[in-house]
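A quick write-up on the structure given underneath.
FYI, it's all coordinate maths here, none of it is from the lab. Not measured: the values here are computed from a predicted model. In this analysis, Cβ positions are derived from the backbone assuming ideal geometry, glycine residues included, and neighbour counts consider all displayed protein chains.
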Amino acid sequence: MSLHPEVARVTARVRERSAAGRRAYLERIRAARLEGPARMGVSCTNLAHAMAASPADDKLAIRQQRVPNIAIVSAYNDMLSAHQPLERYPEIIKRAAREVGCTAQFAGGVPAMCDGVTQGRPGMELSLWSRDIIAQSTAIALSHAVFDAALMLGVCDKIVPGLLIGALAFGHLPVIFVPAGPMTSGLPNLEKAKMRELYAQGKADRGQLLQAEMASYHDAGTCTFYGTANSNQMLMEVMGLHLPGSAFVNPGTPLRDALTAAAARRVCGLTALGADYTPVGEIVDERAIVNAIVGLLATGGSTNHTLHLVAIARTAGIAIDWSDFDALSAVTPLLTRMYPNGQADVNHFHAAGGMGLLIRELLDAGLLHEDVYTVMGQGLRHYANEPWLPEGGTQLAWRAPPAAPADQDVLRTAAEPFDTHAGVRLLQGNLGRAIFKVSAVKPEHRSVTAPVRVFEGQDQVIAAFKAGELARDVIVVVRFQGPRANGMPELHHLTPSLGVLQDQGHRVALVTDGRMSGASGKVPAAIHVSPEAVAGGPLGKLRDGDVVRLDGEAGVLEALVDAAEWSRREAALPAPGAGEHGYGRELFASHRHGCAGAEEGAVSWAA
């Protein structure tokens, strides 16, 4: 199938825009490769330190410098259910590496915080910065220069983007990402969301809410809704950085362990010591980035990736912006319905045909670049397959996915999509540029024109809701929530209250320079508004009672204020010192003050 003309145009535009940056990046990583296998430039003293604690056989292999030594970088902790299974992985990996004559060392751990735990709390203001800290921690792990490739163990929101950014800084190394898989399905998402709304209305107590939440989040593995964590896993497949079909296999199963071991064996064959050298910096090119955007759009994935993909691309010398997302959205069909865009979860998606069927459909529709490099070799068609273990066998194999989706309420073909336009759109107007997740909002709620109520924090919104002050048509504006203001926290804590107002028949929307969770939906929201208010963005000009038009179909975000009056207004400023102390926030002042804007990926390391 020939490539869709718009996909080709966007790719050409990205390639032209990125020419100088990409060329400089490739020159750097190719120069690093020419230095030879990492350990050859390390002194005897350095090398002795690096292998002092290794088993005798591994020491012999490392000192001879003839076989690859693999770095393991892990986000393991047992507070995050998604990362708890990673505890077992290093031993699986080391054993599998030895089977093919290689060695593997645990090179370093990276921090891993849970946005689900910090929602609505001050700790959420560190969440976005954790991505950049993870990237830096990854760089520290790989800086010892004794590794020929790396395996990245991570799953959740900022963790996979951070690991990939860090890996791309060492783009001459082959890298495979190794996920943990989702927990089995628990309380249905619709029931969980309803209990949250009942609690917001005071119709359920804390004990009932906790019981419902525990029935939903109940075991080891990734949360099963299609938020940022599971969007990460989809992206690693579409970009060719997983083994095919790795994303949504449950933890603690023979297939999961087989995939983990296979990733270790595979990465051993991709190093500069062999004939199939495949560095991660060559895999992540303009085509892979465009494929990632299309995958995100076709699945209605997390809006957080309108930040993270920009940051990832930037690390590899590639410049993308929200106009690229918008252009691709216009030609990408919506092929999945998973919560918050539907009631199914990722286990249902996987059973319906999963990533193999999804990628096959997008390839056959000409919406993905097929001629890319992947960890499986050249060609994304490798990923139009699913892994399996033959009955009673232990040898991992791949096979074609089902010819048609097993459940058309969850997964569709490109010929019969849920929608001909994809899940994320760009809004523009005199309030700036913003992201709108169309796929999570019913068509009748995608356009709202109403007076605004302006807030400077989500706690103020909750208080106003409880006092009955928002029981009307209203656009809730929460400003000073951008990266420079307070770290751009997610405002998912507002979803139940605003959802109640919408269910009561009010026309309701949210406008903010902050983020919303990958699990957010239902209520129309213009998020990531740029430029942010603290940087003089026009959200600072809004006053209570101004009428705003938010139109997700037309792509409009504008204050319906007389132009002369609008130009005369001065932007409000945040209260001095707000959100700068407590919960470690004072340690991240340099990140806030020096970061780039949301559309530039909100990166703190290259503003």
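Descriptive notes on the structure:
- Compared with the alpha-carbon gap, the fully stretched path from Q504 to A415 is longer by 28.4 nm at 0.36 nm per residue.
- Using a cutoff of 8 angstrom between alpha carbon atoms and counting only pairs six or more residues apart, the relative contact order for segment 424-575 works out to 32 percent.
- Dipole of the chain [Lys/Arg +1, Asp/Glu -1 at C-beta], most positive-end residue of M488, G108, A598: G108
- Compared with the dominant principal axis of the Cα atoms in the chain, helix 354-364 is inclined by about 90°.
- Computed from the C-beta positions of E570 and R23, the FRET efficiency with R₀ = 45 Å rounds to 0.55.
- Simple label model, 7 Å out from Cα along Cβ direction - W388 to Q460, nm: 5.7 nm
- Rounded to the nearest angstrom and listed largest first, the equivalent-ellipsoid semi-axes of the chain from its Cα gyration tensor are 40, 26, 24.
- Per DSSP, loop trypsin sites (Lys or Arg not before Pro) in segment 461-563 with at most 11 further Cβ within 10 Å: none
- Cα long-axis angle, helix 305-315 against the chain (0 to 90 degrees, to the nearest 10): 40 degrees
- Simple point charges give the picture: +1 on the Cβ of Lys and Arg, -1 on the Cβ of Asp and Glu, and for segment 115-215 a dipole about the Cα centre of about 260 debye.
- Dipole of the chain, positive direction: furthest Cα of S74, A141, V155, with charges on the beta-carbon: A141
- Residue-averaged 222 nm ellipticity for the chain, from DSSP H runs of 4+ at -39500 (n - 2.57), nearest 500: -10500 deg cm²/dmol
- Dipole orientation for segment 395-516: of the candidates L470, G429, F455, G429 has the Cα lying most toward the positive pole (charges on Cβ; Lys, Arg +1; Asp, Glu -1).
- Under-5 Å amide H pairs with D473, H placed in peptide plane, nonlocal only: R507
- Cα gyration tensor shape for segment 424-575, rounded if a/c is under 1.5, else prolate or oblate: rounded
- In the chain, the sites counted are GluC sites (Glu not before Pro) in DSSP loop states with at most 12 other Cβ atoms within 10 Å, and the longest stretch holding none of them, exclusive of the sites, is 36-390.
- On Cα atoms only, tilt of 127-142 relative to the major axis of the chain in degrees: 10 degrees
- Label point of D371 set 7 angstrom out along Cα-Cβ; within segment 1-35, amide nitrogens under 11 Å from it belong to 3.
- Cα gyration tensor, segment 220-351 - rounded (a/c under 1.5), prolate or oblate: oblate
- Charges were assigned to the Cβ only: +1 to each Lys and Arg, -1 to each Asp and Glu. The resulting dipole of segment 424-575 about its Cα centre is roughly 240 debye.
- Test item: Cα-centred dipole of the chain, Lys/Arg +1 and Asp/Glu -1 on Cβ, debye: 820 debye
- Shape call, segment 236-308: gyration tensor on alpha carbons, a/c limit 1.5: oblate
- Normalised by the number of residues in the chain, the mean separation of alpha-carbon contacts (under 8 Å, six or more apart) gives a relative contact order of 15 percent.
- Between L560 and E191, the simple label model (points 7 Å from Cα in the Cβ direction) yields a spacing of 4.3 nm.
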